Each structure stands twice: as structure tokens, then as C-alpha cells.
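Peer 1: Below: one structure in C-alpha cells.
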């Protein structure tokens, strides 16, 4: 997954466009998240067969290249329309990866992981609303911890040839923390439509990361 820390300071000064009410701002974030999740669900349901015909290497390359490009579009733009197009592209890239991954799991496992992800997401948003300063202080720790966890996981998988299952729990915990952190950050930005879409992109990446780790933890494969 991609962290967007380098863009977050920029976003504090992105005041282009009229500010909306806090309720409208959060409603836009929620609507964007549902839109992105809907795209991924539709891809997993209706596009699984053509996606599975692709090689894993092609999926990974498209995912990384597309996600980087769409991330840059989202956070460099002051236009809500351009940011939304970038968010749509990011959702498609995520959907490509998700479709490839969920095909290996039973429908029950996927449904359970989806439900658990939703519950954790709502819980972390509520906690972030109650303890915003605590979550805002976690940014650097979460980022460095995630980098370290991914590095260790890659070393063990690629060089030593085996996976450490407890890493799924650790990374899932980190993504849950990122949901709270990014929700708190979202409330600190100027409440414009563009910032709402940008913030939704942050949280969306966190949610997908959490979902994939919960799916790996449940582990009931076809």
C-alpha cells in the first residue's frame, strides 16, 4: 500500500474552493469510500474471470504503477473533479488486486473479512473522533512501523522462503491505526470538497490494507 505523508502538509494549505459544513464534508468522505468499495465489489463479482486470465506479475505492475499515478493526481490537484477521477482510477487499481486475491478464498471467508473490516473501520473512526490528539500523534510511529514490517516480511518471504503468520496481525493492527490517524487528519484539513476526496483516498487505502490482512488471517482458501 501507499502512504501519502508527503502530500498531507501540502493539503493543509489547499484552500482552493469554498469550504462546506463539517456534516457535508464528512458525507462526501463517506460517499467516496462507498463508491470506491462499490467499484472493487463489482470488479470482484463481475470481472473475476478476465482478471484471473492475467498473470500475477502483470497485476502487480499495473497495481503499483496505476496506484502511484492516481495517488499523484489526487494529491497534486486542487480540482475536485480531477481528484475524483484519480480516486476512481485508484479504486480500479485496488479492485484489480483484490479480485485476484479474493479468488483464492471461499465466499464465507471473504464475507467475514468484509464485515470485520467494516466494524473495525467504524470503531477506529469513533475512537479518533473521541481522541483526535492521540491519533494525530501516531503518524510517524505508524508509518515507520509499517515500513519496518513490510521490509521484514519481504526479507523472510523472498530470501528465507517462508511467511511469519503473526505479521498479518501486526500489519492489520497498523492499518487499523492508520484509519484512526487519517480520519483525525481529515478533520484538521480545510473542509473543501477536494480535501474530502483526498482524505477519502487516504482512508480507502487503509481500509483495503486492513481487509486484505484480515482475509489472510482468516485463511479459509478454496
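Just so it is clear, none of the values below were taken in a lab; they were calculated from the coordinates. None of the values given here were measured: they were computed from a predicted structure. Cβ coordinates were reconstructed from backbone atoms using ideal geometry, including for glycine residues, and neighbour counts include every protein chain displayed.
Peer 1: Distance in nm between label sites at residue 144 and residue 46, each 7 Å beyond Cα in the beta-carbon direction?
Peer 2: The two pseudo-label positions are separated by 4.6 nm.
Peer 1: Please compute the volume of the convex hull spanned by the alpha-carbon atoms of the chain and report it per residue in Å³.
Peer 2: Working: hull volume 26.3 nm³, N = 222.
Hull volume normalised by residue count: 119 Å³.
Peer 1: Taking other Cβ within 10 Å of each residue's Cβ, how do 64, 166 sort, fewest first? Kindly include the intermediate steps, with their values, before the conclusion.
Peer 2: Working: 64 13, 166 9.
Going from sparsest to densest Cβ surroundings: 166, 64.
Peer 1: Something else about it: Ranked by Cβ crowding within 10 angstrom, fewest neighbours first, how are 189, 46, 112 ordered? Intermediate results must be reported in sequence, preceding the final value.
Peer 2: Details: 189 19, 46 10, 112 16.
Ordered by Cβ neighbours within 10 Å, fewest first: 46, 112, 189.
Peer 1: At 7 Å along Cα-to-Cβ for each site, give me the label-to-label distance between residue 54 and residue 136 in nm.
Peer 2: 3.9
Peer 1: Take the Cα gyration tensor of the stretch 151-222, multiply each eigenvalue by 5, square-root it, and list the three semi-axes largest first, rounded to whole angstrom.
Peer 2: Working: eigenvalues 190, 33, 20 Å².
Semi-axis lengths for the stretch 151-222 are 31, 13, 10 Å.
Peer 1: Consider all pairwise Cα distances in the stretch 36-152 and report the whole-number % of them above 17 Å. Write down the numbers at each step before the final one.
Peer 2: Numbers: 4712 of 6786 pairs.
That tail contains 69 percent of the Cα-Cα pairs.
Peer 1: Taking the Cα centre of each part, how many Å lie between the stretch 107-153 and the stretch 25-89?
Peer 2: Between the Cα centres of the stretch 107-153 and the stretch 25-89 lies a distance of 20 Å.
Peer 1: What number, in nm² with one decimal, is the all-direction average of the projected area of the convex hull of the alpha-carbon atoms of the stretch 92-220? Each step should come with its number before you reach the end.
Peer 2: Details: hull surface 34.1 nm².
Mean projected area of the Cα convex hull: 8.5 nm².
Peer 1: Shifting gears a bit: Show me, bin by bin at 5 Å from 0, the whole-percent P(r) of the stretch 69-120 based on Cα pairs.
Peer 2: P(r) for the stretch 69-120, in whole percents per bin: 4, 19, 17, 16, 14, 14, 11, 4, 0.
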